[in-house]
Amino acid sequence: MADRVTVIGWDGSPLTAAARSALSAATLVAGAAHHLALPEVPPTAERIRLGSLGLAARRIAGHRGTAVVFADGDPGFFGVVRTLRAPEHGLEVEVVPAVSAVAAAFARAGMPWDDAQVVVAHPRTLRRAVNVCRAHAKVAVLTSPGAGPAELALLLEGVHRTFVVCEELGTDKEQVSVLTSDKAADHTWRDPNVVIVIGGGGQVSAADPGWLLGQSAAQSPGPAGRGWARPQADTGEGESAQLRAAQLARLGPRTGDLVWDIGAGSGGVAVDAAALGAAVIAVDSDPHACERVTAAARKRGVQLQVVAGRAPHVLEDLPEPDVVRVGGGGAAVVAAVADRRPERIVSHASTRDEAEAIGRALTEHGYAVECALLQSVGLDTRTWTEQDRSVVFLLSAERPVTR
């Protein structure tokens, strides 16, 4: 095992005294090509070009001597420190930090970032990173080859955002470009780069600076933001607050998900799902309902996309969902949704025949289906007399996990 492992963050600034001291004693140095070319790297040290971090960590663990590992920015922020400290390698490390690429990008843009989401985009996580950009007003994306600004822009089609693309930060080739997302796909971008994605409302204001990193007003606890499925959102559409709460619980929307809300109505479920951090596309054939959803989202301070059109035809061009609520359209729409294979589908029916038809469509598509008959009765607490009664079949379906 290496006698000593020092991880040095590099942001283009001259190396600190601590970094130079660690390098002078190094018998092995790992890093990218531009790190290994630094004049401070001892000429006699073994050099490892970082590719697979796991392979490099095993070589460092087996080295007899003193190792130094270079990383761009702060190596403890989505960096190599996590890999090196993994139990299977048994490495204890000392860290010489630097300014993270995210902090540097926001500094170049002259913007605060305590209200920003930060995501890492690899080809396997790109879709979830895009969903975070759909759902939040300010997102920093640490990109990778195959999951860069152009790919982000392509998957954000139909959602307007501003991109601040920071290429090769800390080098003499550093460049910062500001452009709209629809133009970003037409460029070839140099790696490494960081993209700040900005758009819509919901950012923390100067008058109310917030107190929790990456949280918007809609997500922060407080008297104006407490509770889900609020009764005041009812508009006589036959969906009680209790039904919406049950639907939301079964959907389980989370950050990185894309939620379809088909037959969005007043927007109660769509807005609540967005406030939980998910990206939301609210679909309704009624233009007035679309206006209500837009107004509800603006009032709550959340981001969502509203699509006017009749399902199932309007669904064909929408990006793939993770979870879907079908608020209208019956078995035909449910079957069209099931063809897209989301993880969960939630719907409801006012009659047993309709519930059986929906359940049958889901079962035929291979989903595990459960159904509950929900009854809720509202009471006037002054006289304890019945005000409203709702009886509805709640159906929820889960796609079996394939191994």
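The values are calculated or read from the model by the stated rules, or taken from the named source; none is laboratory data. The model shown is predicted, which means the values in this text are computed figures rather than measured ones. All Cβ positions, even for glycine, are placed from backbone atoms using ideal geometry, and neighbour counts span all protein chains on display. Keep in mind that these areas ignore ligands, DNA and RNA; they rest on the heavy atoms of the full protein, side chains included. Shrake-Rupley method; radii C 1.70, N 1.55, O 1.52, S 1.80 Å.
Output the residues belonging to region 352-366 that are of a type outside the set (Gly, Ala, Ser) and open to solvent by 30 Å² or more (accessible area, probe 1.4 Å).
Residues satisfying the conditions are 352, 353, 354, 356, 360, 363, 364, 365.
Report, by residue number, each residue of region 1-16 that is open to solvent by less than 70 Å² (accessible area, probe 1.4 Å) and free of Cβ contacts under 8 Å to residues at least 40 places away in the same chain.
Passing the criteria: only 15.
For region 81-131, which positions are closer than 18 Å to residue 12 by Cα and among the hydrophobic types (A, V, I, L, M, F, W, C)?
95, 96, 98, 99, 101, 102, 103, 104, 105, 106, 107, 109, listed by residue number.
Only one residue in 164, 159, 95 is in a strand (DSSP E or B), within 23 Å of residue 177 (Cα to Cα) and in contact with a helix residue (DSSP H, G or I) (Cβ under 7 Å, 6 or more places away or on another chain). Which one?
Answer to the check: 164.
Could you check, for region 318-330, whether at least one of its residues is more than 28 Å from residue 116 (Cα to Cα), at pLDDT below 95 and part of a helix (DSSP H, G or I)?
The answer is yes, given that some residue of region 318-330 is more than 28 Å from residue 116 (Cα to Cα), at pLDDT below 95 and part of a helix (DSSP H, G or I).
For region 367-389, name all the residues that are exposed (fewer than 12 other Cβ atoms within 10 Å of the Cβ) and assigned to a loop (DSSP other than H, G, I, E, B).
Matches in region 367-389: 381, 382, 383, 384.
What number of residues in region 18-34 are within 37 Å of the chain's Cα centre (by Cα) and open to solvent by less than 20 Å² (accessible area, probe 1.4 Å)?
Going through region 18-34 one residue at a time, the tally reaches 4.
Working only within region 109-124, note down all residues that are assigned to a loop (DSSP other than H, G, I, E, B), farther than 11 Å from residue 143 by Cβ, in contact (Cβ under 8 Å) with a residue 24 or more places away in the chain and under 14 Å from the mean Cα position of the chain (by Cα).
116 - this is the single residue of region 109-124 that is assigned to a loop (DSSP other than H, G, I, E, B), farther than 11 Å from residue 143 by Cβ, in contact (Cβ under 8 Å) with a residue 24 or more places away in the chain and under 14 Å from the mean Cα position of the chain (by Cα).
Out of all the residues in region 94-109, which are open to solvent by 30 Å² or more (accessible area, probe 1.4 Å) and more than 16 Å from residue 163 (Cβ to Cβ)?
Once the filter is applied, which keeps residues that are open to solvent by 30 Å² or more (accessible area, probe 1.4 Å) and more than 16 Å from residue 163 (Cβ to Cβ), region 94-109 yields 94, 95, 97, 99, 107.
Please state which of the following conditions residue 37 fails to meet, knowing it meets all the rest: (1) over 20 Å from residue 171 (Cα atoms); (2) among the hydrophobic types (A, V, I, L, M, F, W, C); (3) surrounded by fewer than 18 Cβ atoms within 10 Å (Cβ to Cβ); (4) more than 35 Å from the chain's Cα centre (by Cα).
Among (1) over 20 Å from residue 171 (Cα atoms); (2) among the hydrophobic types (A, V, I, L, M, F, W, C); (3) surrounded by fewer than 18 Cβ atoms within 10 Å (Cβ to Cβ); (4) more than 35 Å from the chain's Cα centre (by Cα), residue 37 violates only (1).
Looking only at residues in region 286-307 that are in contact with a helix residue (DSSP H, G or I) (Cβ under 8 Å, 6 or more places away or on another chain) and assigned to a loop (DSSP other than H, G, I, E, B), which one is surrounded by the fewest Cβ atoms within 10 Å (Cβ to Cβ)?
Taking the candidates together, the pick is 303.
Search region 58-81 for residues being within 37 Å of the chain's Cα centre (by Cα) and among the charged types (D, E, K, R), and hand back the single one that is least open to solvent (accessible area, probe 1.4 Å).
74
Please find, within region 40-57, the residue that is surrounded by the most Cβ atoms within 10 Å (Cβ to Cβ) out of those that are under 37 Å from the mean Cα position of the chain (by Cα) and part of a strand (DSSP E or B).
In this case the residue turns out to be 48.
Hey, among 254, 250, 310, which residue is assigned to a helix (DSSP H, G or I) and surrounded by fewer than 24 Cβ atoms within 10 Å (Cβ to Cβ)?
Exactly one residue qualifies, and that residue is 250.
Can you tell me which of (1) assigned to a helix (DSSP H, G or I); (2) within 19 Å of residue 169 (Cβ to Cβ); (3) open to solvent by 20 Å² or more (accessible area, probe 1.4 Å) is the one residue 128 doesn't meet?
If we test residue 128 against (1) assigned to a helix (DSSP H, G or I); (2) within 19 Å of residue 169 (Cβ to Cβ); (3) open to solvent by 20 Å² or more (accessible area, probe 1.4 Å), just (2) comes out false.
Within the set of pairs 6+ apart or on separate chains, which have a first residue in region 250-269 that is in contact (Cβ under 8 Å) with a residue 60 or more places away in the chain, a second that is of a type in the set (Ser, Thr, Tyr) and open to solvent by 10 Å² or more (accessible area, probe 1.4 Å), and C-beta atoms under 7 Å apart?
250/396; 265/235
Determine which single condition residue 139 fails, assuming it passes every other condition in (1) assigned to a helix (DSSP H, G or I); (2) touching a residue at least 12 places away in the same chain (Cβ under 8 Å); (3) not acidic (Asp, Glu).
Going through (1) assigned to a helix (DSSP H, G or I); (2) touching a residue at least 12 places away in the same chain (Cβ under 8 Å); (3) not acidic (Asp, Glu) one by one, residue 139 breaks only (1).
Just a yes or no: is a residue in region 275-285 open to solvent by 10 Å² or more (accessible area, probe 1.4 Å) and of a type in the set (D, E, K, R)?
Within region 275-285, one or more residues are open to solvent by 10 Å² or more (accessible area, probe 1.4 Å) and of a type in the set (D, E, K, R).
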